[in-house]
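The structure appears below as structure tokens.
The values are calculated or read from the model by the stated rules, or taken from the named source; none is laboratory data. As the structure is a prediction and not an experimental result, all values here were calculated from the model. Cβ sites come from the backbone with ideal geometry, for glycine too, and all protein chains shown count toward neighbours. For accessibility, only protein heavy atoms count, side chains too; no ligands or nucleic acids. Shrake-Rupley method; radii C 1.70, N 1.55, O 1.52, S 1.80 Å.
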Amino acid sequence: MTPSTRYDMIILGGGPGGSRAAFDAAARGLSVALVDRDGLGGTCLNRGCIPTKLLLGATAAQPLLEAQKKLKGAEGHITFDLPALQQRKDRYVKGTRQALEKRMKAAGIAVYAGEGRMVAAPQTGADGELAVIAAQADGTTQETRLGWGTLIVATGSTPASFPGLAADGAAVLDSTALLDVTEAPESLIVVGGGAIGLEMADFFSRLGSRITIVEGMGRLAPTEDAEVGDTLRKVYAREGWAIHTGRKVASLATVDGHAVLRFEDGEELTASKALLAVGRRPASVGIGLEALGATLRGPG
């Protein structure tokens, strides 16, 4: 198949890195195409930083009220409407995504929605080649071939999993799925005491969920300074969270509609839902980087 269009630069991935590169390249007079499969804005806009911060900001009054109640300076109770919060989040994300697309159009950047797969690396006197596989309304796919002189791979990351420790879409969820629930679970086990796990736990704690944090390392926020993890543990313990650090998880699965976690020592924990937040991995499998001579190492 002969490429239908040739671009000076093609960027694979429409997250913050890919979008910024596209704008910079277009501003320098290059013909630019951006290929994205999951919605412009990437994880940050659609499934990560921005929706999480919006939900945390919308519920920030709850811990402030609790602090004043302890000081005998206020009384009262706040009830949050989670479906309404989700609708607000979705409208904001959609609007921001549409605004980003308009900016790209105004900058002369061609946007292709679909799965980008490498076909060939550049050869002497010939461009590299990329196939864009786009799903159609009738369930079929359409393939478009594009030629490129320079390629930027900015495909980002996806939630990580391990053998015996993977989201199943039932009671065990990854951060993407948990961000879309419309009913707060009565209890929530969070596996992973890093930024993602702690922020999601904080949000659902404000909605009334009983929180259990499980972190395999010796303290919360293990990539931060030790004082940070120690302080967070004290703060969250005062809020009634159950915190397990330095303990390895043997398995996590949905059993009879509930999330059941088993430690390597045999102890089990049960909750309405569980969040698997054990980090993220590169979203590099299946895009044909091997056709460019790349070698992938580890899970991708």
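With every protein chain in place, what's the accessible area of residue 264 (1.4 Å probe, Å², nearest 10)? Surface accessible to solvent at residue 264 totals approximately 130 Å². Of 263, 162, 80, the residue with the largest accessible area leads and the full order is 162, 80, 263 (1.4 Å probe). The simple Förster model, with R0 at 35 Å and r as the Cβ-Cβ distance, assigns residue 195 and residue 123 a FRET efficiency of 0.20. Between residue 99 and residue 44, the modelled label-to-label distance comes to 1.4 nm, taking each label 7 Å out from Cα in the direction of the beta carbon. In this structure, the pairs whose alpha-carbon distance is over 24 Å, taken from 69/273; 53/273; 70/248, are 69/273; 70/248. Secondary structure note: in the chain, about 45% of the DSSP beta bridges are antiparallel. Remark: spin-label model distance residue 256-residue 180 equals 2.9 nm, labels positioned 7 Å along the Cα→Cβ axis. Of the residues 138, 38, ranked by 1.4 Å probe accessible area with the largest first, the sequence reads 138, 38.
Kirkwood hydrodynamic radius of region 86-133 from all distinct Cα pairs, in Å? Computed over region 86-133, the radius equals 13.5 Å. Remark: the chain carries 52 Å² of accessible area per residue (probe radius 1.4 Å; ligands, DNA and RNA excluded). Ranked from largest to smallest solvent-accessible area, with a 1.4 Å probe on the protein heavy atoms, 129, 66, 224 come out as 224, 66, 129. The stretch between residue 138 and residue 224, if pulled fully straight at 0.36 nm per residue, gains 26.1 nm over its current Cα-Cα span. For the chain, the carbon plus sulfur part of the accessible surface works out to 52%, probe radius 1.4 Å. Relative protection proxy for 252-258, 68-74, from highest mean packing down: 252-258, 68-74 (other beta-carbon atoms within 10 angstrom). Here r is the Cβ-Cβ distance between residue 72 and residue 239 and R0 is 25 Å; the resulting FRET efficiency, rounded to 0.05, is 0.85. Taking amide H atoms as placed 1.01 Å from N in the peptide plane, the amide H of residue 281 lies under 5 Å from those of 158, 160, each 5 or more residues away in sequence or on another chain. The label point for residue 5 and the one for residue 54, both projected 7 Å from the Cα toward the Cβ, are 2.9 nm apart. A 1.4 Å probe, protein heavy atoms only, puts the accessible area of residue 49 near 70 Å².
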